[in-house]
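Since the structure comes first, as structure tokens, the remarks are kept for the end.
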Amino acid sequence: MPKKKPFIFNDEAVDNSYGFRIPTKGIGLKRFKKNPVMLDSHLNSTKHVLGHWENVKVEKGLLTGEPVFDSADENVTLIEGKVERGVIKSCSMGISFNREDLKLVAGVLLLTKCELYEVSIVAVPSNANSIRLYLDGSDTALTDTEVQTLCMSLADSTEVSPIEKHTENENMKITLTLAAATALGFGATELEQDVADVNAKIQKLSAEKQAAELKLEVMESDAAVAAKASIEAEVELAFKQGQITADKKEKFVQLGLVDRSLMTETLSAIPVKKSIAQQIETPSSDGEVKSMDDFQKLTLSAQLEFKANQPEAYNKIITLK
């Protein structure tokens, strides 16, 4: 079976077909994880359910998931085949949002917060179906015209600071406090500034704040990946040392993700399985079983293991005897 290729649900660095972006960290997944349904082109009916999504994760500004098709349905297998052959490569989110969460931030239209309902397999992601929007918890999706009107109403509005809203003259001067001047990057003696310059500083700080938040999200995601890799390495070592069996590895990894110190303490309490050489009470100089005396110094379990795994060596020491 070919390895599943994850679909990108959302890339926060790319505008969707309506011209706005969705910061991945602002997408609520609580509802979706309870029912990670995969629909055909956002058609909300039981006959258009293609399957579900698994391994849904956020990493470096991307929200991704792997499709699991209902292969027992003949109609679904047709679409599944097109996906596996690379004919269909696109998916689309169905999300609910509140009007006040669609904002113009430093000249960029952002949907800062939303809730993921479903993710559909679609044929063409660049058209209006690249995202299905439900406003204020409604079960009825917005039409293409309604979404465009909402976006245009924000994009056409002038983003201004509270200072600018209270003046009719853009060339007016304003006297800042020392703290405000310092925060905006003006000199300590430059307290009187043009309103336009102050607004420009505020917009720059807003953009820098957004960039810093996205960078922090990437760093936190990278740290989580590194932490999981370290946990998996510790569990793998415990497995190789005979402390746990293969079927327990994933359970210990999950424990480590919740409480790393508890996982380490638990593994430390499990004795390391000794090799045959280590189980000889008074081993030969090189730790090998070379004679019947060496063999008899083994524990009963070690003797049985030696006979089963090294029959030629066992026959040899029997002969020597």
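The values are calculated or read from the model by the stated rules, or taken from the named source; none is laboratory data. Source: prediction; values computed, not measured. Quick reminder, even Gly has a Cβ in these numbers, built from the backbone with ideal geometry, and neighbours come from all protein chains shown.
Some observations on this one:
- Beta carbons closer than 8 Å, at least 6 apart along the sequence or on distinct chains, pair a first residue in the range 170-196 that is surrounded by fewer than 11 Cβ atoms within 10 Å (Cβ to Cβ) with a second that is part of a loop (DSSP other than H, G, I, E, B) for Thr175/Leu191; Thr177/Leu191.
- Residues that are more than 25 Å from Glu220 (Cα to Cα) and either aromatic (Phe, Trp, Tyr) or out of contact with any Asp or Glu (no Cβ under 9 Å at 6 or more places or on another chain) (or both) occur in the range 52-69; there is at least one.
- Some residue of the range 14-25 being crowded, with 17+ Cβ neighbours inside 10 Å, part of a loop (DSSP other than H, G, I, E, B) and of a type in the set (A, V, I, L, M): yes
- Scan the range 169-203 for residues that are at pLDDT 75 or above and closer than 17 Å to Gly107 by Cα and the total you get is 7.
- Helices (runs of 4 or more DSSP H) enclosed by the range 223-296 - at least 1 residues per element that are at pLDDT 85 or above, surrounded by 16 or more Cβ atoms within 10 Å (Cβ to Cβ) and under 31 Å from the mean Cα position of the chain (by Cα): 249-258, 260-268
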